[in-house]
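Note sheet for the following structure.
No value in this document is a laboratory result; all are computed from the given coordinates. Quick caveat, the model's predicted, so the values are computed rather than measured. Here the Cβ is made from the backbone with ideal geometry for all residues, glycine too, and neighbour counts use every protein chain on show.
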Amino acid sequence: MEVLEAIKTRRSTRSFADQPLEPVILEAIEEAFFHSPSASNSQESHVVIVQDAARIRTIKRFAQGLSGTPAAIIVLCSNPKEALARGGIDSEEVLRFVNMGVAASHIMLTAQSLGVASCPARSFHQRSIAEIVGLPDEISRSC
Ligand SMILES: Cc1cc2nc3c(=O)[nH]c(=O)nc-3n(C[C@H](O)[C@H](O)[C@H](O)COP(=O)(O)O)c2cc1C
């Protein structure tokens, strides 16, 4: 699927097939993330891909914005210390959030191009999700 076609056909999806993601899809999502640009090339964004059904159920208890039962939840986060050290104060305060948005877009459009729907979700309890997926302190403290 061409990029513009993926952009035009993507819609936030809130109900999902009960079907795991094939490894090739997960690999493509990882590649999309790793090839996302970041301001000053600071690369302070990190990603955790959760596929375990029990953990997805737990995450959903702390994520009111997350509808349906997706095959995977992709937790995007960023390390403010890395942003400051590599990109300066602007990266720490603003650009790391822009960088996460760019990465999210890359991931959603890659998934869409491979026939996999998604929904961005911002309504969740950040500290709970950080704890459930085991984010290091220096990342979860910034939540
Ligand atoms: C930053 C951001 C946060 C969002 N958070 C949520 C959310 O918590 N729950 C949800 O169901 N949709 C969420 N959405 C999806 C928007 O509601 C959706 O993108 C918008 O209504 C446009 O619909 P479309 O994505 O189908 O074009 C979010 C979208 C963005 C960009």
Taking trypsin sites (Lys or Arg not before Pro) as exposed when DSSP calls them loop (any state but H, G, I, E, B) and at most 15 other Cβ atoms lie within 10 Å, what is the longest stretch of the chain free of them, the sites themselves excluded?
15-121
GNM flexibility winner over the chain from Ser78, Ser40, Ser91 (Cα, springs under 10 Å)
Ser40
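I need Asp90, Asp137 ordered by Cβ neighbour count within 10 Å, fewest first.
So the ranking, lowest neighbour count to highest, is Asp137, Asp90.
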What ranking of Thr13, Thr110 emerges when the number of other C-beta atoms within 10 Å of each C-beta is taken as an exposure proxy, fewest first?
Thr13, Thr110
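Give the dimensionless ratio obtained when the Cα radius of gyration of the chain is divided by 2.2 N^0.38 Å.
1.04
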